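Everything on this sheet refers to the single structure shown next.
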């Protein structure tokens, strides 16, 4: 049985009210990384390849003007307060690592699944994740697969976490426990 969004929201921090959905909580983009060196998965362990952050760009105001003097007016003297957009990530086709902006705690008796929001898929992108075991706590990440160039603002909602009731043997105590929370 999948849990209601209000239950899921109790296990995600921070959560704005607009992130809570009927059956889960939307997760936002904190950063996007490109893997630049090979990783390794062996029988005796794993190594994540070196990654680098995709640098966001700051967009011009919606009307195309730029405020260079921080006085609240654009270069033509018009009011530009509240029109600047968030830093934007411009992504070409390829594979990226999407780091979420929220800390997630998977409670005992549950398993977590992260799915892409439909607006991501409708823009020729896909998000892949693994099972989130009971007891996991951290600021996780997923594989963002981009098939057509896209711009994504930092803080945009791209995924949804859902929790399902589940029996389990023990709780998660792997190498990703507490990731990006320290």
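Tabulated values for the structure
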read-out	value
Scope region 3-50; condition more than 16 Å from the chain's Cα centre (by Cα), loosely packed, with under 15 Cβ neighbours inside 10 Å and assigned to a strand (DSSP E or B); matching residues	40, 41, 42, 45, 46, 47
Single condition residue 67 does not satisfy, out of (1) more than 24 Å from residue 158 (Cβ to Cβ); (2) surrounded by fewer than 14 Cβ atoms within 10 Å (Cβ to Cβ); (3) at pLDDT below 95	(2)
Test: residue in region 163-172 that is in contact with a helix residue (DSSP H, G or I) (Cβ under 6 Å, 6 or more places away or on another chain), assigned to a strand (DSSP E or B) and over 15 Å from residue 91 (Cβ atoms)	yes
Selection status of residue 138, buried (at least 16 other Cβ atoms within 10 Å of the Cβ), touching a residue at least 40 places away in the same chain (Cβ under 8 Å) and over 12 Å from the mean Cα position of the chain (by Cα)	yes
Failed item, numbered, when residue 74 is tested on (1) surrounded by 17 or more Cβ atoms within 10 Å (Cβ to Cβ); (2) touching a strand residue (DSSP E or B) at 6+ places or on another chain (Cβ under 7 Å); (3) modelled with pLDDT under 95	(2)
Every residue from region 91-135 that is under 15 Å from the mean Cα position of the chain (by Cα), within 27 Å of residue 58 (Cα to Cα) and part of a strand (DSSP E or B)	91, 95, 96, 97, 98, 99, 100, 103, 116, 125, 126, 127
Single condition residue 182 does not satisfy, out of (1) without any contact (Cβ under 8 Å) to a residue 24 or more places away in the chain; (2) outside any loop (DSSP other than H, G, I, E, B)	(2)
Scope region 35-51; condition under 23 Å from residue 90 (Cα atoms) and in contact with a strand residue (DSSP E or B) (Cβ under 6 Å, 6 or more places away or on another chain); matching residues	35, 36, 49, 51
Region 142-168, residues that are surrounded by fewer than 21 Cβ atoms within 10 Å (Cβ to Cβ) and either within 12 Å of the chain's Cα centre (by Cα) or closer than 20 Å to residue 51 by Cβ (or both)	143, 145, 146, 150, 153, 154, 155, 156, 157
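The values are calculated or read from the model by the stated rules, or taken from the named source; none is laboratory data. Keep in mind that what you see is a predicted model, and the values were worked out from it rather than measured. Every residue, glycine as well, gets a Cβ built from its backbone with ideal geometry; the counts of neighbours run over all protein chains shown.
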